[in-house]
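Nothing in this text is a laboratory measurement; each read-out follows from the coordinates by a stated rule. Only a predicted model underlies this, so the values are computations on that prediction, with no experimental measurement involved.
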Amino acid sequence: MSRTSNRADGDIVRDFLSVADLLEEPQLAQLYAYLAREGEATVQDVMDDLELPQGTAYSYVNRLVDAGVLDVTDDEQPRRYAARPIDLTVTTGAGDREYTITPALIDAVGRRETDADIDTYIDRHGVAGLATALTYAVARERGEMTHRLMAEDLDISPLAAEMILQALRPVVHEHYDIEESGAGLGELDIHGDGTDDA
C-alpha cells in the first residue's frame, strides 16, 4: 500500500484512513508490526506471542483486515494472515514537514505502551515528531548523526534526543540494514562528562 502518482485521490485518502487507527492505537500497531516481522501467522500465533485474549486477537485481526492492512493468505483453517506493506507520505498541517508512514514507524508506535520514552516523546511531539526522530535514529545508527546534532536541529534537549534515539534503536535494527562499522556512534556521552551508559 503505497502512494503513487497514478493513483486516484480517493485511494490515497482510503490508504491514509486505513493506517490512521495504527497510529492512534498502539495495540493495533503492535499487531501489525508483529505480522510484518513474522511474514504470516494465525490468530493462535498472535494470541500466544502477543499474549492477547482470544476475543481481542480476533477483533484486532478482523479490524486490520477490514482496514486493508492485513491480507488473508490461507483460507483453510486455521487462517493465516500477513501484513501489507505500507509506505504513505504525509505532509504536516503547516506544510513545513513531510513524513512517511512505514512499518518501522508503526512498530515504534506499537512500542508506546511498553516503552515510556517513546510514549513521552509521542505525547510531546506527536507521531510526526516520532517519525522525524526515527529518521535521526537511522542516521545515528549508521554513524551519520549524533544526539547533540539532533537536539540542535529539533530544538530539544540533548538528553531528550539521546533518550528517544536509544528507545528507537531496536526498531531501527529490526527494520533497516545497519553496517556494524557505523554502530560505534550508537552509544554517546549523554552526561556531557565523557562517560556513557554502555
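Values computed for the structure shown
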read-out	value
Centroid-to-centroid separation of the stretch 57-85 and the stretch 109-134 [C-alpha atoms, Å]	26
Coarse-grained scattering of the stretch 112-176 at q = 0.18, 0.22, 0.23 Å⁻¹, given as base-10 log I(q)/I(0) from a Debye sum over alpha-carbon atoms	-0.56, -0.85, -0.93
